[in-house]
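The values are calculated or read from the model by the stated rules, or taken from the named source; none is laboratory data. Keep in mind the model is a prediction, meaning the values are calculated, not measured. All Cβ positions, even for glycine, are placed from backbone atoms using ideal geometry, and neighbour counts span all protein chains on display.
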Amino acid sequence: MGLIEIIAANLKTLRELRGVGQHDVAERIGVSRRTIARLEGGKIGDPGYGQVRGIARSLGVSTELFTKELLVGETIAVPAWVRDELHGPRSAELVDALVAAARWPRRSK
């Protein structure tokens, strides 16, 4: 899967998880809703770094995670304060920390 396909898939997944429309994302980063629709459809060959960074941050993930990993939605039970933190201003930093922790080499028992 190439970069454009990852961005397209992740944009749709994160937007749906956050419960925001294409218009909302477009407004947050200063582009048209049509641009977001084209990105989601993989119809833009080379989105600018600033645009990609803005989308990632507006959806609460780092640019690196947004462009390098295929993201999927997963529902788990967490305390309300954890949910609030994950939807707060530090969400990208916290998601990166969770991913890094999950990748940490596990020791045998």
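Among the residues of the range 64-88, those identified as farther than 20 Å from Gly19 by Cα and assigned to a helix (DSSP H, G or I) are Glu64, Thr67, Lys68. The condition of being under 14 Å from the mean Cα position of the chain (by Cα) and exposed (fewer than 15 other Cβ atoms within 10 Å of the Cβ) does not hold for Val82. Of all residues in the range 7-39, which are surrounded by fewer than 19 Cβ atoms within 10 Å (Cβ to Cβ) and closer than 11 Å to Val72 by Cα? Listed by number, the residues that qualify are Ala9, Lys12, Thr13, Glu16, Leu17. Restricting Val72, Val52 to residues that are surrounded by 13 or more Cβ atoms within 10 Å (Cβ to Cβ), modelled with pLDDT of 90 or more and in contact with a Ser or Thr (Cβ under 7 Å, 6 or more places away or on another chain) narrows the list to Val52. Contact map, the range 45-72: first residue free of Cβ contacts under 8 Å to residues at least 60 places away in the same chain, second residue among the aromatic types (Phe, Trp, Tyr) and crowded, with 17+ Cβ neighbours inside 10 Å, Cβ cut-off under 8 Å, separation 6 or more or different chains; pairs are Val52/Phe66; Ile55/Phe66; Ala56/Phe66; Leu59/Phe66. Residues that are in a loop (DSSP other than H, G, I, E, B) and surrounded by 11 or more Cβ atoms within 10 Å (Cβ to Cβ) within the range 89-106 comprise just one, Arg90.
Just to verify a result, which residue in the range 28-57, among those that are assigned to a helix (DSSP H, G or I) and among the charged types (D, E, K, R), is nearest to the chain's Cα centre (by Cα)?
Taking the range 28-57 and keeping what is assigned to a helix (DSSP H, G or I), we get 28-29, 33-40, 49-57.
Filter once more, keeping what is among the charged types (D, E, K, R): 28, 33-34, 38, 40, 53, 57.
Numbers: Arg28: 14, Arg33: 17, Arg34: 19, Arg38: 17, Glu40: 12, Arg53: 10, Arg57: 7 Å.
This residue is Arg57.
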